[in-house]
1. What FRET efficiency, computed as 1/(1 + (r/R0)^6) with R0 = 30 Å and r the Cβ-Cβ distance, is obtained for residue 184 and residue 107, rounded to the nearest 0.05?
2. Need the full-extension length gain, residue 114 to residue 70, defined as separation in residues times 0.36 nm minus the C-alpha distance. One decimal, nm.
3. Counting other C-beta atoms within 10 Å, which of 107, 187 has the fewest, and how do the rest follow?
4. Rounded, prolate or oblate, given the Cα gyration tensor of region 150-197, with a/c below 1.5 counting as rounded?
5. If you take the beta carbon distance between residue 133 and residue 153 as r and set R0 to 22 Å, what does 1/(1 + (r/R0)^6) give as a FRET efficiency, to the nearest 0.05?
6. Please list, short to long, the whole-number percent of alpha-carbon pairs of region 63-163 in consecutive 5 angstrom bins beginning at zero.
7. Starting from the amide H of residue 136, placed 1.01 Å from N in the peptide plane, find each other amide H under 5 Å away whose residue is 5 or more places distant or on another chain.
8. Quick one: which residues, 5 or more positions from residue 174 or on another chain, have an amide H under 5 Å from its amide H? H modelled 1.01 Å from N in the peptide plane, none for Pro or chain starts.
Amino acid sequence: MIVPWMWRRKLVSGNGGVVATGLTLRTNSETRLPAFFYRLSSRAQRTWLKSDTIERYDYVPNDAARNSLDALMRVLKTGNLAGCTTSARALAAEICRALATPPVSVEVRSVRPRNQRGELHGLFYPYDPRMRRPPYIVLWMRTAQRHDVVKPKTFVRTLMHEVGHYLDYALLRLEDSYHTQGFFKRESSLVRALFNS
Ligand SMILES: [Zn+2]
C-alpha cells in the first residue's frame, strides 16, 4: 500500500475524460482498464501502462539475502520487534544492493492499525521533496485484533510489496507507483526468487 493521500491526489489530479489515445504499449489488463485510469493525465497514463508491462526483476538472491531471509523467518516466530527490524532491514538492503539502487529505510512497528475497511499491513512513503525526507517503508508485525505475530511468509510478502513500490521509483524510474497487474507480478517475482532459491 502507499500512503492514502497519494491515492486521493491521484484521483483528483487526472484530467477528466482523457483516454490513452495513441498509446500502443501492451498492457496486462487485457480485459479493461480501471475507471480511475481514464481520470489520469496522459503522462500518468504512460507511467501506469509502463508499470503494467514490466513483469519481473532480474533478481537472484545471494547467500547474504538468503541468510537475512532465514533470520527474518526465525525471528518472526519469536515476536521480537528489534530482531525483526534488523532482519527486515538487512533483507531489503540486500535486494537493493543486488539491483544497484540506494538502500531504503525500513521501520517495523508492533500492532497493525485498523479502521472499518480493514487493517494496515504496510506503507511506503515516497521521497518527499518538501520535507527532504528520503523514502521509507513501515511494516507492522502483529495483527490488529488478536495481536498475533503475522505469519512469516505473509510478512515477507508485505515487505516485498513495499520494496516493490520503492523499486518503481528507484529502479524503474516511474514517476508514480501504481497497483497494476504488472506491479503485483513483480512483487510475486521477488517472493518467488527468495523462497525458491
Ligand atoms: Zn501498495
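Read-outs throughout are calculated quantities, based only on the coordinates presented, and are distinct from any laboratory measurement. The shown structure was predicted, so the numbers you read here are calculated from the model rather than taken from an experiment. In this analysis, Cβ positions are derived from the backbone assuming ideal geometry, glycine residues included, and neighbour counts consider all displayed protein chains.
1. Details: r = 24 Å, r/R0 = 0.79.
The formula returns an efficiency of 0.80 here.
2. On the way: separation 44, 0.36 × 44 = 15.84 nm, distance 2.89 nm.
Residue separation times 0.36 nm, minus the Cα-Cα distance, leaves 12.9 nm.
3. Working: 107 14, 187 22.
By the 10 Å Cβ count, ascending: 107, 187.
4. On the way: a/c = 2.16, a/b = 1.81, b/c = 1.19.
Prolate, since a/c reaches 1.5 and a/b exceeds b/c.
5. Values: r = 30 Å, r/R0 = 1.39.
Computed FRET efficiency for residue 133 and residue 153 comes out at 0.10.
6. 2, 13, 23, 24, 18, 11, 6, 2, 0
7. The list, which skips near neighbours in sequence, is 125.
8. So residue 174 has HN proximity to 169.
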